[in-house]
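The values are calculated or read from the model by the stated rules, or taken from the named source; none is laboratory data. Just so you know, these numbers come straight off a predicted model, no measurement behind them. Heads up, the Cβs are rebuilt from the backbone with ideal geometry, glycines too, and the neighbour counts pull from every protein chain shown. The protein model used for the area step is the full one, side chains on, heavy atoms only, and it has no ligands, DNA or RNA in it. Shrake-Rupley method; radii C 1.70, N 1.55, O 1.52, S 1.80 Å.
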Amino acid sequence: MNSIKLKISEYKNIIQGIFDAGGVDFSEYSLCSMKRRLEQKMVSEKFSDADEFIANLKSNPKYFEQFLFDMSVPVTDFFRDTDTWKAIRNQVFSKLEKKESPRILIPECSSGEDLYSLLILLKESNLLDFVEVEACDISKKNIEKIQKGLYTLKSIEAAGRNYNEIITTMPFTEYFYEKNNDLVVNTNLIEKVIFRVQNLQAGVFEGYYDYILYRNRLIYYNPQMQSKLLRKIYNMLHKSGYLSLGVGENLNLHSDLKFTVVDKNEKIFKKSRF
Amino acid sequence: MGPYQHIVIGGSAGSFQSITQILAELPKNTGLSFSLVLHRLKHVRSGFVEALSLRSTLPVIEPEDKQYIRPNTVYLTPANYHLYIELGNYFSLSTEESVNHSRPSIDITFSSAAYSYKEKLVGILLSGANRDGAMGMKDIKEAGGFTIVQDPDECQVKTMTSAAIETTQIDKILKIEEIIRFISQMK
């Protein structure tokens, strides 16, 4: 197998090239995973060097859109980490249902598995009609794909197993079915979802949210950017609003932000005023 | 030889017992840190770190994202994540697609460790049923690190170790007892 190992100077040139091409700032991503993904992309698309790759990003807007899509790491499974979803239902939903018209945000919805999982759980908790759900992503293609509700059939096994562990009110087939070698998700769920093409870093968010679901996205940023993003999230939350991170993520490095721990293992936090 | 800073150990089918043997005889207070990348069930989060801790001489921890790497500590890659070792001596987690049908993938951790630790890294690859780890071992070797593969004749499943031996001029091919002795003599 052919392989490319980018030098740090080439890596930086590419990051600058991405910014020049589309105004998207990749400079504070976790270095090793971003570098690896760039290298793999260059190999699979047979670019001979960084300059050729950069030139293509800059000269071809369609390619750039595809590039943003390819660089956004998909969420892995529907209802990934089933214990987390049970905790969300028990600890967060029980508080949301007491609010007037709660607002929920997924700042980087990526391939949308967490979004659909959330919507199903809301529906089965009789909350879907009472909440406003907003989902953002930097890749327009990601959002278009979510709106079609088509997923790889490979994901059906994990989806079914996870679903049946959490949802007992309706069968799996209420929301998922198999068609033409795809796993199709019931797109009625997203009817009222507000989609916006933007990332958390540069995006504009108005008003306050009662719950922000931000799982397994912070991991792609370096510690400095994580701090900035978490500060932004903190300021976007209602007082005593809730935040979910991925099970492998934590707020340890950012102790200046006042959150209380709601569920230590499932990484649910609550904004605290003191 | 050395001085080394970090040891990465990769294993899959047939490696669990060897890992527990190694952990039971790790030297204390050498200042070394260890990362274990073991193929494991994606949807089973708990129990594994506890099982490995039972006989280990050093604490075994599943690191969280951006956790700093401390000496005299063993880090076990958490279920359903890839584990990168970043410049600056800390971990990053990732949910990128499986590599060699595996998440965690040995290649991902080994290659990033090679990039971050260069000649201060030792890579050890044990029994396993796919080719994960072969590219990672190549990267370790090319970055100046030291490479050890468990003797395929001793492996329950030799696909993984044989693939690494085919891909790279491995420094040492050793039996588990010899690997334990090798590590215990490290400073």
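Summary of computed values
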quantity: Hits in the stretch A:239-259 (condition: at pLDDT 95 or above and either assigned to a loop (DSSP other than H, G, I, E, B) or open to solvent by 60 Å² or more (accessible area, probe 1.4 Å) (or both)); calculated: A:245, A:246, A:247, A:248, A:249
quantity: The one condition in (1) buried (at least 16 other Cβ atoms within 10 Å of the Cβ); (2) β-branched (Val, Ile, Thr); (3) not assigned by TED's automatic domain parsing to the domain that holds residue A:88 that residue A:212 fails to fulfil; calculated: (3)
quantity: Residue identified as more than 26 Å from residue A:233 (Cα to Cα) and not aliphatic (A, V, I, L, M) among A:59, A:101, A:94, A:72; calculated: A:59
quantity: Filter result (part of a helix (DSSP H, G or I) and open to solvent by 10 Å² or more (accessible area, probe 1.4 Å)) within the stretch B:113-129; calculated: B:115, B:116, B:117, B:118, B:119, B:120
quantity: Residue list for the stretch B:138-163, filter: farther than 22 Å from residue B:20 by Cα and in contact with a Ser or Thr (Cβ under 8 Å, 6 or more places away or on another chain); calculated: B:138, B:139, B:140, B:141
quantity: Check on residue A:132, within 24 Å of residue A:86 (Cα to Cα), of a type in the set (D, E, K, R) and open to solvent by 20 Å² or more (accessible area, probe 1.4 Å); calculated: yes
quantity: Scan of the stretch B:109-164 for residues that are polar (S, T, N, Q) and more than 25 Å from residue B:63 (Cβ to Cβ), ordered by number; calculated: B:156, B:159, B:161, B:162
quantity: The stretch B:69-107, residues that are in a strand (DSSP E or B) and either among the aliphatic types (A, V, I, L, M) or away from chain A (no Cβ under 11 Å) (or both); calculated: B:73, B:74, B:75, B:76, B:83, B:85, B:93, B:99, B:102
quantity: Search result, residues across the stretch A:204-231 that are in a loop (DSSP other than H, G, I, E, B) and either within 16 Å of residue A:252 (Cα to Cα) or under 14 Å from the mean Cα position of the chain (by Cα) (or both); calculated: A:214, A:215, A:216, A:217, A:222
quantity: Qualifying residue in the stretch B:152-164 (condition: open to solvent by 30 Å² or more (accessible area, probe 1.4 Å), among the charged types (D, E, K, R), outside any helix (DSSP H, G or I) and without any contact (Cβ under 8 Å) to a residue 40 or more places away in the chain); calculated: yes
quantity: Subset tally (residues that are open to solvent by 40 Å² or more (accessible area, probe 1.4 Å) and part of a helix (DSSP H, G or I)) for the stretch A:1-21; calculated: 8
quantity: Scan of the stretch B:115-145 for residues that are facing another protein chain (nearest Cβ under 10 Å) and touching a Lys or Arg at 6+ places or on another chain (Cβ under 9 Å), ordered by number; calculated: B:115, B:139, B:142, B:143
